[in-house]
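The values are calculated or read from the model by the stated rules, or taken from the named source; none is laboratory data. All of these numbers come straight from a predicted model, not from anything done at the bench. Cβ coordinates were reconstructed from backbone atoms using ideal geometry, including for glycine residues, and neighbour counts include every protein chain displayed. Just so you know, the surface numbers come from the protein's heavy atoms only, side chains and all, with ligands and any DNA or RNA stripped out. Shrake-Rupley method; radii C 1.70, N 1.55, O 1.52, S 1.80 Å.
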There are 2 protein chains.
Amino acid sequence: MSKQVSFRFWIHDDNGFMIGEGRILLLQKIIEEGSINKAAKSIGMSYKKAWRLINGMNETSSEPIVARSSGGVGGGGTIVTEKGKEYIEQYLEVKKNAQHFFSDETKQLQ
Amino acid sequence: MSKQVSFRFWIHDDNGFMIGEGRILLLQKIIEEGSINKAAKSIGMSYKKAWRLINGMNETSSEPIVARSSGGVGGGGTIVTEKGKEYIEQYLEVKKNAQHFFSDETKQLQ
DNA sequence: TAGCGTTATACCCCAGCAAATATAGCGCTT
DNA sequence: AAGCGCTATATTTGCTGGGGTATAACGCTA
């Protein structure tokens, strides 16, 4: 009978830019793996879906979130920009606070 | 360029019971209208979808959320139980607090 | 007994998303 | 020049959810 409050949130602006849990996870994996391809595989996501998420973000952001290149050593790859890392930091900060908030709300649910 | 934090949340338990914005809105309309049918129409939702939402809730809840009847005056109808009204109250309370919380988080987003 | 407006349910069709496959282009290395 | 692994994109196929429609049962009223 234990009731619980769960939540989702996302940071967005007026230009259609939107970033939530899935995109943050993907960005973190791209930092770890160095490419969209490997990052997608590591979390069981298709390259196409990962590309759509990343591309959509880049197209709606005033500054690029990732820098992509094809060809060269290892075939190329993708790196997360400073702007991208800034979003990750902000998202994680809000998430931490939100977890506390909803944990308290859950407790008050009798 | 104004960034904003948006959110969704839902109350749930271990038996698969789940109630979020859509179901709350539907319950409120059922109280107003007296039937699933009219409630669904009033928010542009198909009866089928509304029925699935309501039925799923009732099947996973320990106590019924709504009491349904067919036949009789006006063809029958659906009323929201005290348990259902209790959930509405709880949901709105959490929502009010969450709106404050995320409003503050949005402000701190520089 | 006929009519009414519900709840409840089955059926078909279409849209939209997801996975799988294929192909091209890139730039470095060997 | 060939090979490599990546980005980028098109095409096809399959699955799932939702809308629309249709139908039956229900119990009160007239």
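With a threshold of 20 Å on the Cα-Cα distance, the over-threshold entries among A:Lys29/A:Lys95; A:Lys107/B:Lys95; A:Lys107/B:Lys49; A:Lys83/B:Lys95; A:Lys95/B:Lys107; A:Lys95/B:Lys95 are A:Lys107/B:Lys49; A:Lys83/B:Lys95. Both the radius of gyration and Dmax for the protein assembly as shown are 22.0, 77 Å, in that order, over alpha-carbon atoms.
Arrange the residues A:Leu53, B:Leu26 by how much accessible surface each exposes, largest first, with a 1.4 angstrom probe. Please list the in-between numbers first.
Working: A:Leu53 35, B:Leu26 0 Å².
Descending order: A:Leu53, B:Leu26.
Sequentially through the stretch A:66-82, phi angles give Karplus couplings (6.51, -1.76, 1.60; θ = phi - 60°) of 9, 10, 10, 8, 10, x, x, 4, x, x, x, x, 9, 10, 8, 6, 4 Hz, Gly and Pro residues having no value and appearing as x. Note on chain B: with charges restricted to the Cβ of Lys and Arg (+1) and Asp and Glu (-1), its dipole about the Cα centre is near 560 debye. Using θ = phi - 60° in the Karplus curve 6.51 cos²θ - 1.76 cosθ + 1.60, the 3J(HN,Hα) couplings for the stretch A:97-110 round to 5, 5, 4, 4, 4, 6, 5, 5, 5, 4, 4, 7, 8, 6 Hz; x is entered for Gly and Pro.
How much of the accessible area of chain B, in percent, comes from carbon and sulfur atoms when a 1.4 Å probe is used? Let's see the in-between values first.
Working: 3110 of 6130 Å².
Carbon plus sulfur share of accessible area: 51 percent.
Once C-alpha pairs closer than 8 Å and six or more residues apart are averaged by separation and normalised to the residue number of the stretch A:14-107, the relative contact order reads 27 percent. Taking amide H as placed 1.01 Å from N in the peptide plane, A:Gly76 has its amide H under 5 Å from the amide H of A:Gly71, each at least 5 places away in sequence or on another chain. Springs between alpha-carbon pairs under 10 angstrom, Gaussian network model over chain B: which of B:Gln28, B:Gln99, B:Gln90 fluctuates most? The residue that fluctuates most here is B:Gln99. The Cα center of the stretch A:15-40 and the Cα center of the stretch B:55-99 differ in position by 39 Å. Accessible surface computed residue by residue for the stretch A:14-107, with neighbouring protein chains in place and a 1.4 Å probe, gives 55 Å² per residue.
Mind checking how much accessible area A and B bury in total, 1.4 Å probe, in Å² rounded to 100? Intermediate values should be presented prior to the final figure.
Numbers: alone 7450 and 7410 Å², together 12290 Å².
It comes to approximately 2600 Å² buried between A and B.
Within the stretch B:15-107, the proportion of C-alpha pairs whose separation exceeds 19 Å stands at 43%. Against the main long axis of the alpha-carbon atoms of chain B, helix B:47-60 sits at an angle near 80°.
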